[in-house]
Amino acid sequence: MKEKKEFLRNKLIQFQRKIADQNHELAQQQEEFRQREHSYYMSLFEILDAFENIDATLESKKDELDKTAKMLGRNIRSIHKKVSRLVRSADIVPIEFPDNRAIMTLCKVVETRSDPELENETIISIVKNGYINMADGTVLRKAEVITIFNNESL
């Protein structure tokens with residue numbers, strides 16, 4: 001009887017160790033997946049940034065473009081929309097600032113300007129869009145913004 005108890009005890013210890021090892025391995029795999037996914041989204045955000053820069057350049061030169069260049073611009077905008085839809089299909093959307101105020105958990109101030117007509121922390125320009133996962137509220141990339149900062153200690 002004592003041998004059976006010892007045998008069962010050892011089996012139980014083996015199972016517990018195996019469960020702990022598998023839980024550890026699962027946690028490692030989940031972290032690796034999270035890191036790969038994050039890297040994937042960062043690359044997509046860089047692609048979206050590039051498309052936005054091209055679009056802004058084309059828009060500023062639209063009167064100077066010939067027919068071929070205008071068609072190229074439409075094709076580029078079409079690809080941009082498709083990449084945007086791909087990102088949106090994963091519940092990832094650009095961060096919005098409806099009250100046009102900097103929220104430090106959502107943005108990074110890259111430059112400030114003075115304008116006595118506007119309040120401090122008013123966003124005057126978004127340099128790079130930020131992105132948030134709407135499914136869990138995770139900020140994947142903070143927006144880079146230019147805000148107002150009036151030095152009032154004169």
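Figures for the structure shown
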read-out	value
Residue that is out of contact with any Ser or Thr (no Cβ under 7 Å at 6 or more places or on another chain), surrounded by 13 or more Cβ atoms within 10 Å (Cβ to Cβ) and closer than 30 Å to PHE149 by Cβ, where the choices are ASP55, ASP99	ASP55
Hits in region 121-131 (condition: out of contact with any Pro (no Cβ under 8 Å at 6 or more places or on another chain) and within 17 Å of ASP49 (Cβ to Cβ))	SER125, ILE126, VAL127, LYS128
Region 129-140 - residue that is under 14 Å from GLU96 (Cβ atoms) and touching a Phe, Trp or Tyr at 6+ places or on another chain (Cβ under 8 Å) and, of those, surrounded by the most Cβ atoms within 10 Å (Cβ to Cβ)	TYR131
Matching option when the condition is touching a strand residue (DSSP E or B) at 6+ places or on another chain (Cβ under 9 Å), at negative phi, in a helix (DSSP H, G or I) and hydroxyl-bearing (Ser, Thr, Tyr), among SER84, SER78, SER43	SER84
ARG17 vs. criteria surrounded by 10 or more Cβ atoms within 10 Å (Cβ to Cβ), among the basic types (Lys, Arg), modelled with pLDDT under 95 and assigned to a helix (DSSP H, G or I)	no
Among (1) in contact with a Ser or Thr (Cβ under 9 Å, 6 or more places away or on another chain); (2) modelled with pLDDT under 95, the one test that MET71 misses	(1)
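Residue-by-condition table, conditions (1) farther than 17 Å from LYS142 by Cβ; (2) without any contact (Cβ under 8 Å) to a residue 12 or more places away in the chain:
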{"position": "ILE76", "(1), (2)": "yes, no"}
{"position": "GLU96", "(1), (2)": "no, yes"}
{"position": "THR105", "(1), (2)": "no, no"}
{"position": "VAL109", "(1), (2)": "no, no"}
{"position": "PRO116", "(1), (2)": "yes, no"}
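The values are calculated or read from the model by the stated rules, or taken from the named source; none is laboratory data. Note that the structure is predicted; figures quoted are calculated from it, not measured. All Cβ positions, even for glycine, are placed from backbone atoms using ideal geometry, and neighbour counts span all protein chains on display.
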